[in-house]
Amino acid sequence: MVVYTQEHVYRHPWDRVTAAAWRKFTDPASRTALSHVADVHTLHRRLDSDTGHLHAARSITVRSPPLPFILRRLLPSAAASPNGAALCHCVETSLVDAPRRAMDVVVRNVSLRGLIEVEERASYRPHPDRPEEWTQFRQETTIRCRPLAALAAVAEKVETRCAERFLQNSAKGREVVERICRYLEAESTGAAPSAV
């Protein structure tokens, strides 16, 4: 099993960063940077009028990185793809507590779980030193290669390779959120182009 944590400080207020995070997958300018994302659909969203909490779930389909040969043998659909990749379906659940300025997001794969389990937990909070100006982002990802657990060396190699790809994609996602934040900042001052 591989577990890693990343932290990032957005030099933008919490409301702008969380608005940008919601737009990340739907922004047409993000398609190149987030080319591993094949599809996103909102499954449900509900606003609790008593607490002010927004509960949401989205389905996210991503293209896996090319799978190692041993995994391709276990997954016929990946073996059939030209580069050994597979489509992976994930569910993202989010809880936004606007009164407390807290947003928590959990993403888990729902397909390929017989081969690999991935869980990503992210939080967005006002930065403790500059709560009105900056946002602290924290992300923890756990990757476990299930069928190869008995072959520790092979499992570790697969998990490490997946972690490297997740780190690359996380960096791309942060860059997209930063770009959208700059757009939203410019929009709020009347200096933005007509569309994101």
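The values are calculated or read from the model by the stated rules, or taken from the named source; none is laboratory data. Owing to the predicted nature of the structure, the values given are computational and were not obtained by experimental measurement. We work out accessible area using only protein heavy atoms, side chains counted, and drop any ligands, DNA or RNA first. Shrake-Rupley method; radii C 1.70, N 1.55, O 1.52, S 1.80 Å.
With all protein chains kept in place, the per residue accessible area of region 2-188 amounts to 54 square angstrom at a probe of 1.4 angstrom.
Comparing mean-square fluctuations of L67, L34, L47 from a GNM of the chain with C-alpha springs under 10 Å, the top value falls on L47. Dividing the mean sequence gap of close Cα pairs (under 8 Å, 6+ apart) by how many residues region 2-188 holds gives a relative contact order of 26 percent.
Solvent-accessible area assigned to carbon and sulfur over the chain amounts to 53 percent, based on a 1.4 Å probe.
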